[in-house]
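*Asks:* The structure that follows is given in the form of structure tokens.
All of the numbers you see were taken from the coordinates with simple rules; none came from a lab. Only a predicted model underlies this, so the values are computations on that prediction, with no experimental measurement involved. Here Cβ is always computed from backbone atoms with ideal geometry, including for glycine, and neighbour counts include all displayed protein chains.
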Amino acid sequence: MPALRTILLTAAFAAILVAVFTASARSASGDKSAPAPAAGSSSAPIVVELFTSQGCSSCPPADRLLSTLRSDPRVVPLAFHVDYWNYIGWTDPFSSARWSQRQQAYARAFASNRIYTPQLVVNGTSECVGSNEGEVRQRIAKAEAAAADGQVSVRLQPAAAGRLPVQVAAKVVRPAAKDLDLWVAVYESGLTTPVKAGENASRSLHNDFVVRRFEKAFTLPGSSGSERAGDLTLELDKAWKPEKLGVVAFLQDPATLAIHGASAPAALPR
């Protein structure tokens, strides 16, 4: 079985991922309860996105590597399970066409002619094979050495009736070429799945940092000093375990997909 799975892009690719959630946002000047972006060093957490699938036999090593990144305080790991492996006999329960479209958008941003798993994207600016630990850690170190252009913070309120109130804030500390979108992700860790078909049949797979919700809070002008805060409410499925959930937010250029700043992961209030 090849270590790298490659699927060529076609002209029929879906449009770039668009926001499916309209946030109730307000400016920082008018929102006294919203969190202020955290001050600190010029560096910011590094967003590491793994595009993976339970239907791909090459993916479990990358999934395990992503799990180990929890020990690195610099890193915000996220796992996007794509849906294009589902056709071979096993439907990944965490897969979504939206995640496949996000990966396709990265391919366009990187001027690449291929889509593959396991692919790991670091801060929206570079990619490599997600199971290549040496390359992964090298790219993380390179991203961490670069100064962050923005500051992001997240504050969570206790969830009630399956709804999680989230307050987010962002500030541009160095000018960006264009306006930036603030994205909020809910992820779940500690997931174990007995796989009954496909390339990983008869295996029990463990997955962490699985993206469950991914919503755009607002768009922030890219000019230096721009800041904004806002609220949004995220729906939580009753099947998800609250103690295993986390929330992160990051600023991303909608054209280049470069990430300009991120929050540290926030656990749900107990």
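*Asks:* Between beta-carbons, use under 10 Å as the cut-off and find the net charge around Gly190, counting Lys and Arg +1, Asp and Glu -1.
*Replies:* Counting the neighbours of Gly190, the net charge comes to -1.
*Asks:* Decide, for the stretch 159-208, between rounded, prolate and oblate: order the square roots of the alpha carbon gyration tensor eigenvalues as a ≥ b ≥ c, take rounded if a/c falls under 1.5, and otherwise choose prolate if a/b is larger than b/c, else oblate.
*Replies:* Because a/c hits 1.5 or more and a/b fails to exceed b/c, the stretch 159-208 counts as oblate.
*Asks:* Ranked by Cβ crowding within 10 angstrom, fewest neighbours first, how are Ile140, Ile88 ordered?
*Replies:* Going from least to most buried by this count: Ile88, Ile140.
*Asks:* Just to confirm my numbers, what's the Cα centroid distance between the stretch 177-230 and the stretch 45-118 in Å?
*Replies:* Here the two parts' Cα centres lie 10 Å apart.
*Asks:* How do 183-189, 115-121 rank on mean C-beta neighbours within 10 Å, highest first?
*Replies:* Ranked from most to least packed, the peptides come out as 115-121, 183-189.
*Asks:* When Lys and Arg each count +1 and Asp and Glu each count -1, what net charge do the other residues less than 13 Å away from Arg74, Cβ to Cβ, add up to?
*Replies:* +2
*Asks:* Less than 29 Å apart at the alpha-carbon level, and either on another chain or at least 8 residues along: which lysines does that give for Lys196?
*Replies:* Cross-link targets: Lys238, Lys241, Lys244.
*Asks:* In sequence order, what are the phi-derived ³J(HN,Hα) couplings for the stretch 46-59 according to the Karplus relation 6.51 cos²θ - 1.76 cosθ + 1.60 with θ = phi - 60°, rounded to whole Hz, with x for glycine and proline?
*Replies:* 9, 7, 10, 10, 9, 9, 9, 7, 5, x, 10, 6, 8, 7
*Asks:* What distance in nm lies between label points placed 7 Å from Cα along the C-beta direction at Ala160 and Asp237?
*Replies:* 2.5 nm
*Asks:* List the residues whose amide H sits under 5 Å from the amide H of Asp179, counting only those 5 or more places along or on another chain, with H placed 1.01 Å from N in the peptide plane.
*Replies:* Here Gly222 satisfy the definition.
*Asks:* Please list 167-180, 124-137 highest first by mean number of surrounding beta-carbon atoms within 10 Å per residue.
*Replies:* Highest to lowest by the protection proxy: 167-180, 124-137.
*Asks:* With Cβ to Cβ distances under 15 Å as the rule, what net charge do the other residues near Pro242 carry (K, R +1; D, E -1)?
*Replies:* +3
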